[in-house]
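Taken together, the values in this text are just the output of simple stated rules run on the coordinates, not laboratory data. This is a predicted model, so every value here is computed, not measured. Neighbour counts run over all protein chains shown; Cβ positions are idealised from the backbone, glycine included.
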Amino acid sequence: MKISPEEAAKVAKLARLRFDEEALAGFAGQMEDILAYMDTLGAVDTQGVEPLYSPVLHDTPLREDKAQKTCPRDKVLANAPATDGQFFVVPKIV
């Protein structure tokens, strides 16, 4: 499927992107490549193939959720604009 730079400009506008004319031509070419690949995938015979819901065939083991200190408080507060030595100090908004 041939994508014109004008059509690419419409898609770019919908995505709130701005391109110059040269970049629009490249964008149109990339869109053509993507649509050509989708046509290739659409031509594959998938009759009798079960849908794949996950590429992982086994249960994913989960680690035990344990609370632990990973960084000391003074290092966490070191880059804060304002602290009271124990907590962040932020402006009151109410």
Under the Karplus curve 6.51 cos²θ - 1.76 cosθ + 1.60, θ = phi - 60°, whole-Hz ³J(HN,Hα) for the stretch 10-15, x wherever Gly or Pro sits: 5, 5, 4, 5, 4, 8
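From the Cα gyration tensor of the chain, with a ≥ b ≥ c the square roots of its eigenvalues, which class applies: rounded if a/c is under 1.5, or else prolate if a/b is larger than b/c, or else oblate? Let's see the in-between values first.
On the way: a/c = 4.34, a/b = 1.56, b/c = 2.78.
Note, shape of the chain comes out oblate.
Let me have the 222 nm mean residue ellipticity of the chain computed from DSSP H runs of 4+ only, each contributing -39500 (n - 2.57), with the sum over all residues rounded to the nearest 500. Write down the numbers at each step before the final one.
Values: 3 runs with 37 residues, N = 94.
It lands at -12500 deg cm²/dmol.
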Which of Tyr37, Gly85, Ile3, positive extreme of dipole for the chain (C-beta unit charges): Gly85
3J(HN,Hα) from dihedral phi, the stretch 47-55, Karplus parametrisation 6.51/-1.76/1.60, rounded to Hz, x for glycine, proline: 4, x, 8, 5, x, 9, 8, 7, x
Degrees, to the nearest 10: 21-42 long Cα axis against longest axis of the chain: 80 degrees
Residue-count net charge about Thr83 - beta-carbon cut-off 14 Å; Lys, Arg +1, Asp, Glu -1: 0
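Is the stretch 1-52 best put as rounded, prolate or oblate by its Cα gyration tensor, with a ≥ b ≥ c the root eigenvalues, rounded for a/c under 1.5, and otherwise prolate when a/b is larger than b/c, oblate when not? Before the final figure, lay out each step's value.
On the way: a/c = 4.13, a/b = 2.59, b/c = 1.60.
It comes out prolate by the Cα gyration axes.
For a footprinting-style exposure proxy, rank Ile93, Ile3 by other Cβ within 10 Å, fewest first.
Numbers: Ile93 4, Ile3 17.
Arranged by neighbour count, lowest to highest, Ile93, Ile3 become Ile93, Ile3.
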Around Thr83, which amide H atoms from residues at least 5 apart in sequence, or from another chain, sit under 5 Å from its own amide H, with H modelled in the peptide plane? Val89
Qualifying trypsin sites (Lys or Arg not before Pro) for the stretch 1-59 [loop in DSSP, other Cβ within 10 Å: at most 12]: Lys2, Arg16, Arg18
Sorted by Cβ density within 10 Å, fewest first, the residues Ser4, Ser54: Ser54, Ser4
Which of Phe19, Phe88 has the fewest Cβ neighbours within 10 Å, and the rest in rising order: Phe88, Phe19
